[in-house]
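*Asks:* The structure that follows is given in the form of structure tokens.
The values are calculated or read from the model by the stated rules, or taken from the named source; none is laboratory data. In this text the structure is predicted, and so the values were computed from the model without any measurement. Glycine also receives a Cβ, built like all others from the backbone with ideal geometry; neighbour counts cover every protein chain displayed.
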Amino acid sequence: MKLKLDENFGRRCVDSLTDSGHDVATVAGQQMSGAIDEVVIQRCLAESRCLVTLDLDFSNLNGRSLLGRARRNRRPRGRDSPR
């Protein structure tokens, strides 16, 4: 599974998931620490990764869907685009 770990996870978690066969990227490893939630979601969508976070306030936008907005803002893939 392709995962992106938010900045609240340590090296042990990354290593454990990687050792279990997962494709793991991290917010910190991609120099995205402190990035706004929408930027992190956009990056996850672009990389086809599932975000794992312990941040209870992540994308708390008073009922507005951050994921819905991120999907609308994405460029459509052409038929020949890599997945």
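*Asks:* What pairs can you find where one residue is in the range 1-14 and without any contact (Cβ under 8 Å) to a residue 40 or more places away in the chain, the other is assigned to a strand (DSSP E or B), and their Cβ atoms are less than 9 Å apart, with a gap of 6+ or different chains?
*Replies:* 7/26; 13/5; 13/24; 13/52; 14/5; 14/24; 14/26
*Asks:* Exactly one of these conditions fails for residue 75: (1) at pLDDT 90 or above; (2) surrounded by fewer than 11 Cβ atoms within 10 Å (Cβ to Cβ). Give me its number.
*Replies:* Going through (1) at pLDDT 90 or above; (2) surrounded by fewer than 11 Cβ atoms within 10 Å (Cβ to Cβ) one by one, residue 75 breaks only (1).
*Asks:* Still on this model: Taking the criterion of being surrounded by 17 or more Cβ atoms within 10 Å (Cβ to Cβ) and part of a helix (DSSP H, G or I), would at least one residue in the range 9-21 satisfy it? Talk me through it step by step, then tell me what you get.
*Replies:* Start the filter on the range 9-21 by keeping residues that are surrounded by 17 or more Cβ atoms within 10 Å (Cβ to Cβ), which leaves 9, 14, 17.
If we keep only those that are part of a helix (DSSP H, G or I) too, we end up with 14, 17.
So far as the range 9-21 goes, yes, one or more of its residues are surrounded by 17 or more Cβ atoms within 10 Å (Cβ to Cβ) and part of a helix (DSSP H, G or I).
*Asks:* Under 6 Å by Cβ, and 6 or more places apart or on different chains, what pairs join a residue from the range 44-56 that is buried (at least 17 other Cβ atoms within 10 Å of the Cβ) with one that is among the charged types (D, E, K, R) and assigned to a strand (DSSP E or B)?
*Replies:* 44/4; 49/2; 49/4; 51/4
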